[in-house]
């Protein structure tokens, strides 16, 4: 079971309120004292004025965030931080700054562990030579299978995160059922992803280092076993890791992006974003895109989504229009952002359940969901078996819609 955690945006609120308090003190903001209020104001009036002041600050902060939040705009300078709508609360401006430099591979220390039923696992450390590694994998039989499946995580996760290993076991079980031999490899990069919650921008930057590192192993694997089919599955930031590795290696047959991370990747020119050209097939599941209709728990957050509505794949699937998944709590790791993981995991053991012949009537944008669908004659399947169906022709829409339930069975 996926453990529910408080999300990293809670830290933004703490920072915002602390920053606001400091600014208020510096500006010598005075509220009626209890002694003076006895003649001119009641205690209730003091409280009312205090709440109004906070409400005004937070409202301006929230409005400014929605208007200006561009997730890593490369053109914003430090001096521009003082020109926000509310200078006493400029947390959103902090995220306008240029992305930090990615950490090096020695700091992140990623590793890949290869699994094949019936034999010991094989671990690849961050310093392992790619050519020697590929030769050893081939010698041990890890590359002599129907398919090599690589799985990786996103922010605030690591190699030991439960869903990675749940996926592995379900893939092995279904492989036995269909009499397939598949190698599953788990890529863990917790040294660059499972970091302090307010360092999200650093984790987003680190995808470049990990993607480049992974690509070197993919290149050598393809050199030794050119016919090896390679399939990458990545959640959130992990989707972009797979995208970079695919782009640099030209070795992926398929990449599944499970609610690819939006903050720091959408609405800007970002070369690290997963793209449709990163593999022969790139199928994307969108579950936590932007929505202007806020849940009350989201009123004072600078952004109300972790994924993105922007289509970036060969096939883009928008269950429930790609945001506010039914039954998912707002701003918890077990909310809409993780729904993509739950849907994909269920699809592994439930083929033909996520079939759809409905598409969105237009293309959604970062802050512009599409809430209508229309029929198409081209069938598609969301999830693990998306590659079992013929792709629609170039002129046809590939923005697929389907409705899911709030719990299992999802359809």
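Per-structure values
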read-out: Residue within region 296-313 that is surrounded by 17 or more Cβ atoms within 10 Å (Cβ to Cβ), part of a helix (DSSP H, G or I) and modelled with pLDDT of 95 or more present; value: no
read-out: Output for region 164-195, where each listed residue is over 24 Å from residue 118 (Cβ atoms) and touching a residue at least 40 places away in the same chain (Cβ under 8 Å); value: 189, 191, 192, 193
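The values are calculated or read from the model by the stated rules, or taken from the named source; none is laboratory data. Predicted model only: the values in this text are computed from it and were never measured. As a convention, Cβ positions derive from the backbone with ideal geometry for all residues, glycine included, and neighbour counts pool all protein chains shown.
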